[in-house]
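Remarks on the structure that follows.
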């Protein structure tokens, strides 16, 4: 059967090589020009517990994984039990009937094709570790899709290139055995994807894209405490610090992280940190210090379910209001929330420019779904990230008179120097201070300095783009959302439009500052508004109400630790109607 898109899932115990197999499967198709979105789910355990990896492949653009699975690869019985209901009518389950009995499962779903592959027997005969089942399953899956085995072997060779030649050879052989079993023994072919123009697409996560954007923007100092789901950014920076002259520090906690970043920025380099909600909590005092001293910092907040330790390896959008009001007191900041890795890349470049030019903290909000899952792209345009350091003085020749670091300028942005510039010495004082940085608790000075810092907001609001509108301008229904809900909402909008329902989508990438005038205008033009968010309390609707007075009553919320599926959103919209 020839198809335009297909969903494949592999499941087993954590430690069975599920993530490696899923990544190889994604890369195999991205390298040939297909559109790919994947999603890995795993417990916060070193070994054991159930893990799965879903890959959706399309000959045309796909924005999200979907509800229905075409092929399920079950490396254990639990995978069939948990995911059998996701397999669509006429779909396939590849399993090892030597290790568990599938008789009862067949009775439950007579519409599914069960494909027994002797994983255990092959592993036993070759006397190799059980983890080798994942490579056998990849070969079997490629055969079911009538896909080129050579493409699979190339990716396996690449992924295992840092291992021994023997390991590479073994995994290639295992994949060949799985392929031959389906093709020669069972003589099966389940699906065949439409042919696409051969373009070697990159396959990146949100974290990858943030890292690439930061390096391109000239980040020279990165500090972090390793915490899911932000850790891969730390690993990426550590791998290239010598190549790009970047200092990477793994600190003892996130209090140290934010203070290291503050110190590096004060010294004159672009500096960044990444963390999750718990670490961001520890950073709050340092964020306030950055605001008071007007020291630019960029912080990546990779959300996960909370409070406390919560669910470290799952996803949620529960930290929006926290980020908008982080630290005590009132001060300018920028909160941005990319919706996909492409936005992650370009917005990270923009974050550094906004932080430098306005001398403020900028927070980039991701979540586990966006941080760790892969999306395919042709390439990113590195020329679209340029560097503007703002009013940064690096030479004494640029200081023509007595230097006052916190000068009350027309737009609130004052020239700042770096240590060592003659005539540019100042006090970076976290107490309220005068224009020179000396502590000053005089009531008149307090008002002047608060107003000075908030003068930046007028220009900021003018510069920040409004939320983007996707879909029909004359829609009867408008979906409002932010961050990583973007892909599932676009897919849901397409589903609904195919049913002749006029739907469009308002996507927020900037949540603070908030342009009340523009948003109020959009709300008034819409016939019916619906909020979609990965949290319990609909935090975007609260921000909209606080700034416009408009209460969006219709909400589709999910807070199970799992990302939205397009079908869930489409169904929710239909129920609201």
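Among what's in segment 185-225 and is assigned to a loop (DSSP other than H, G, I, E, B) and touching a helix residue (DSSP H, G or I) at 6+ places or on another chain (Cβ under 6 Å), pick the residue that is nearest to residue 71 (Cα to Cα).
Among those that are assigned to a loop (DSSP other than H, G, I, E, B) and touching a helix residue (DSSP H, G or I) at 6+ places or on another chain (Cβ under 6 Å), it is 190.
Going by the structure shown, is residue 353 within 21 Å of residue 206 (Cα to Cα) and out of contact with any strand residue (DSSP E or B) (no Cβ under 7 Å at 6 or more places or on another chain)?
So residue 353 fits the description; yes.
Considering each of 62, 87 in turn, give the residue that is surrounded by 19 or more Cβ atoms within 10 Å (Cβ to Cβ), in the same structural domain as residue 150 (by TED's automatic domain parsing) and more than 30 Å from residue 310 (Cβ to Cβ).
Just one listed residue meets the conditions, 87.
So for segment 558-569 (the condition being outside any helix (DSSP H, G or I), surrounded by fewer than 20 Cβ atoms within 10 Å (Cβ to Cβ), at positive phi and touching a residue at least 40 places away in the same chain (Cβ under 8 Å)), does at least one residue qualify?
Checking segment 558-569: at least one residue is outside any helix (DSSP H, G or I), surrounded by fewer than 20 Cβ atoms within 10 Å (Cβ to Cβ), at positive phi and touching a residue at least 40 places away in the same chain (Cβ under 8 Å).
Return the residues of segment 267-291 that are part of a helix (DSSP H, G or I) and surrounded by fewer than 19 Cβ atoms within 10 Å (Cβ to Cβ); say none if nothing qualifies.
Passing the criteria: 278, 281, 282, 284, 285, 288.
Are any residues in segment 247-261 out of contact with any helix residue (DSSP H, G or I) (no Cβ under 6 Å at 6 or more places or on another chain) and closer than 19 Å to residue 355 by Cα, and if so, which ones?
If the condition is that a residue be out of contact with any helix residue (DSSP H, G or I) (no Cβ under 6 Å at 6 or more places or on another chain) and closer than 19 Å to residue 355 by Cα, then 257, 260, 261 are the ones that fit.
I'm told residue 550 meets every condition in (1) touching a helix residue (DSSP H, G or I) at 6+ places or on another chain (Cβ under 9 Å); (2) within 13 Å of residue 317 (Cα to Cα) except one. Can you identify the failing condition by its number?
(2)
Can you name the condition, by its number, that residue 22 falls short on among (1) out of contact with any helix residue (DSSP H, G or I) (no Cβ under 6 Å at 6 or more places or on another chain); (2) at pLDDT below 95?
Unmet condition: (2).
Has segment 242-264 got any residue that is part of a helix (DSSP H, G or I), farther than 23 Å from residue 285 by Cβ and without any contact (Cβ under 8 Å) to a residue 12 or more places away in the chain?
yes
Applying the selection to segment 197-214, what residues are buried (at least 17 other Cβ atoms within 10 Å of the Cβ) and over 17 Å from the mean Cα position of the chain (by Cα)?
Passing the criteria: only 201.
Only one residue in 131, 182, 156 is part of a helix (DSSP H, G or I), touching a strand residue (DSSP E or B) at 6+ places or on another chain (Cβ under 8 Å), assigned by TED's automatic domain parsing to the domain that holds residue 77 and surrounded by 13 or more Cβ atoms within 10 Å (Cβ to Cβ). Which one?
Of the residues listed, the single one that is part of a helix (DSSP H, G or I), touching a strand residue (DSSP E or B) at 6+ places or on another chain (Cβ under 8 Å), assigned by TED's automatic domain parsing to the domain that holds residue 77 and surrounded by 13 or more Cβ atoms within 10 Å (Cβ to Cβ) is 182.
Mind telling me which of the residues 522, 506 ends up being in contact (Cβ under 8 Å) with a residue 12 or more places away in the chain, over 16 Å from residue 324 (Cβ atoms), outside any strand (DSSP E or B) and touching a strand residue (DSSP E or B) at 6+ places or on another chain (Cβ under 7 Å)?
When all the criteria are applied, what remains is 522.
The values are calculated or read from the model by the stated rules, or taken from the named source; none is laboratory data. Predicted model, so just to flag it, every value in this text is computed and none were measured. Positions of Cβ are generated from backbone atoms using ideal geometry, with glycine treated the same way; all protein chains shown enter the neighbour counts.
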